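Student: Handing you this structure, nothing more for now.
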Amino acid sequence: PDAFTFTIMLSVCANLIPKEDAPVRFESAKMLFEKCCESGHVNDHVLWKLKLTVNEFEYHQLVGAGVETKAQDLPQPWSRSVANNRKQGDNRNNNWAARNRRNRQ
C-alpha cells in the first residue's frame, strides 16, 4: 500500500462507518494510521482524511499534534517512503501527468 491507498481507506471509514459508531470508527482509523506510519506513507492528504474521520481529540491522540499540523512537521520516518517516491518521480500524479503528455503528442 501507498499513501493513496491509506487515503482511500480512511475515506471509506469516514463515509461508511456512522459517526454514531465512534469506537469502531476510531479503532479503524487508528489501525490504518498506525500502518501508514509504520510503512512511511504519511502525507498531508492522509492527515486531511484522518481529520475527516475522527474528532479533534482523537486526532491529537493519534498524531500527537493539532489538526493544523503538516506531514513535514511530524517524525520523518512516518513519511520516509513518500519522500523517497517523490525523489524517484514515482507517485500517481507524476505518472498520470507523464502518460497524458505522451497521449497528447
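The values are calculated or read from the model by the stated rules, or taken from the named source; none is laboratory data. Since the model is a prediction, treat every value here as computed from it, not as a measurement. Backbone-built Cβ (ideal geometry, glycine too); neighbour counts: all protein chains shown. With ligands, DNA and RNA removed, areas are computed over all heavy atoms of the protein, side chains included. Shrake-Rupley method; radii C 1.70, N 1.55, O 1.52, S 1.80 Å.
Student: Going through the range 48-61 one residue at a time, which ones are open to solvent by less than 20 Å² (accessible area, probe 1.4 Å) and more than 10 Å from F6 (Cα to Cα)?
Tutor: Residues of the range 48-61 open to solvent by less than 20 Å² (accessible area, probe 1.4 Å): 50, 53-54, 59.
Listed by number, the residues that qualify are T53, V54, Y59.
Student: In addition: Taking interchain pairs and intrachain pairs at least six residues apart, which have beta carbon atoms under 9 angstrom, with the first residue in the range 41-57 and farther than 21 Å from S81 by Cβ and charged (D, E, K, R) and the second assigned to a helix (DSSP H, G or I) and open to solvent by 40 Å² or more (accessible area, probe 1.4 Å)?
Tutor: Nothing qualifies.
Student: Here's something else I'd like to know. If you go through the range 49-68 one residue at a time, do you hit one that is within 15 Å of L10 (Cβ to Cβ), under 15 Å from the mean Cα position of the chain (by Cα) and at pLDDT below 95?
Tutor: Taking the range 49-68 first, the residues within 15 Å of L10 (Cβ to Cβ) are 49-55, 58-59, 62-63, 67.
Filter once more, keeping what is under 15 Å from the mean Cα position of the chain (by Cα): 49-54, 59, 62-63, 67.
In the following step, the residues that additionally are at pLDDT below 95 were identified as 67.
Within the range 49-68 (the criterion being within 15 Å of L10 (Cβ to Cβ), under 15 Å from the mean Cα position of the chain (by Cα) and at pLDDT below 95), the answer is yes, since at least one residue qualifies.
Student: Within the range 17-47, how many residues turn out to be over 21 Å from Q76 (Cα atoms) and open to solvent by 80 Å² or more (accessible area, probe 1.4 Å)?
Tutor: Residues that pass the stated criteria total 4.
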